[in-house]
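Accompanying notes for the structure given below.
What follows is calculated from the coordinates using simple rules that are stated; it is not laboratory data. Because the structure is a prediction, the values reported are computed rather than measured. Here the Cβ positions follow ideal geometry from the backbone for every residue, glycine too, while neighbour counts run over all protein chains shown.
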Amino acid sequence: MLASFIPLFLQILMAAGLAYTLLIAAKKLGPKRPNAVKTMAYESGMDPVGTARDRYSVKFYLVAMIFIVFDVEVVFLYPWAVTFREFLTRSPQLGLFVLGVVGVFLAVLTLGLVYDIKKGGLEF
Amino acid sequence: MDLPLYWVALIGFAIINFFLVSASVLVYYERKVSGWIQNRPGPNRVGPWGFLQPFADVAKLIFKEDISPTASSPFIHSLAPVLMVTIAMTTAALIPFARGFVIVDTEVSALLVLALTSIAVYGVTLAGWSSNSKFSLLGGLRSSAQMISYELAMGLSVLTVVLITGSLRLVDIVEYQNGPGAWGILGWNVFRAPIAALIFIVTAFAETNRAPFDLPEAEQELVGGYHTEYSGMKFGMFFLAEYVNFFVASFVIVTLFFGGYLLPWEDALLSALPGLKDSVLLGVLQVLSLLLKAAFFAFVFIWVRWTLPRFKYQQLMTLGWKMLLPIALANVVLYALFFTFKALLGWGG
């Protein structure tokens, strides 16, 4: 079971090797003539005003939080999706019961999405 | 596939090289196609018909100065492009290229594709944050919000496919689409679940940050977006990752919805020519059919980029959360209900 993941790790290692080689090539091969203006943060040619590590809109946090809820929902649905048709072929009544359970789960989350949209949590 | 590990490594290395070259070819392809669309010749100076232009560009990028901004965090600034390239090249290894020709063949390949593409969000976000420039930060933030928003609809459209095929293994998903006899291509998932296919293609555009979803690097408002502060080959790595990503996305679209490596009417063809079964020629034909289909979707990516204007940010969020997500969710429920009624009433097999 775990053995089928070994090629994946091998591939990650090789891909990282390629990326690292490109990075080293970028560092070694190019000229090195830095000066204060060149290494300044780009702000359309003017001197940078203040810092970029500032506060930003709270909307982004909201999106991230709602995303976590729904992403976990989707992950919970995968095992159901894989086995659902097996349940149905074994016994349609059992399948109907499984569908009911998942239906309640989905209904609660859909209600959450509707509530969030009505409250304006996704207005930009 | 029960091959010794050094063979797996060798094939994996070959595939990385294939995608490296294909990224260069795609850059040329995109510039030529955009040239045709805008009624101008496109690159035509370096090599015959300008074919060597992308290779000249790579050589130029490698010998450019690598500027690290004073205000940036050097380690994360270098980590971000490495992460992007690594993820793009690793996802490429999950695709089944022909029957029995897949490097990483796990029970959960479809889930791994989704997992790996969501790690790309980190690359973009870290690049935007570590540069310590306002344009980069805004590009990174926009991009992460966009990518996580569309990931949900993408996950749900893949869920529909998983519900139909009952497996998360990409090889099983491809084999399931093999329609018997004259039905041939009607077995493809695009005919079984057209809405899911459409949603997946739209979200694939958003996940790869391609137009009309290219807000993270909207040139007119954000300069270069998250890679404003990158130069030389580090910028080239983002460029490489973008092209590999959208080529891999075309491969995934084909694998999930357009029969993967299957030839059109493969069953009918095999019963007409029984000698073809299990032959090397069939494998070669399958690789070619996969490549042709993927090249077509790569063309669609380019075509859309040069045809449609960019979304506004609030249109993008409305489309993702209020349209694609509910439609994808309803689609899953619809298919579950359909299968239940089919079983209860005893239709079909």
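The figures follow:
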| quantity | calculated |
| --- | --- |
| Nearest-ten-degree value, helix B:134-165 long axis tilted from longest Cα axis of chain B | 0 |
| Nearby lysines by direct alpha-carbon distance to B:Lys277 (threshold 26 angstrom, same-chain neighbours under 8 apart not counted) | B:Lys293 |
| The protein assembly as shown shape via C-alpha gyration tensor axes, a/c threshold 1.5 | oblate |
| Sum of side-chain charges, B:Thr203 neighbourhood, beta-carbon under 15 Å (Lys, Arg +1; Asp, Glu -1) | -2 |
| Rounded tilt (10° steps) of B:53-62 against the dominant C-alpha axis of chain B | 50 |
| Residues in segment A:1-27 that a label on A:Lys38 would reach, taking backbone N under 16 Å of a point 7 Å out along Cα→Cβ | A:26-27 |
| Around B:Asn189: net Lys/Arg minus Asp/Glu count, Cβ-Cβ under 14 Å | 0 |
| Helix B:5-37 axis, angle to chain B major axis (alpha carbon atoms, nearest 10°) | 70 |
| 17 Å tail of the calculated P(r), segment A:2-119, as % of Cα pairs | 78 |
| Cα-projected label distance for B:Lys342 with B:Ile76, points at 7 Å along beta-carbon direction, nm | 4.9 |
| Cross-link table A:Lys59/B:Lys312; A:Lys28/B:Lys134; A:Lys32/B:Lys64; A:Lys27/B:Lys60; A:Lys119/B:Lys322; A:Lys59/A:Lys119, entries beyond 18 Å C-alpha to C-alpha | A:Lys28/B:Lys134 |
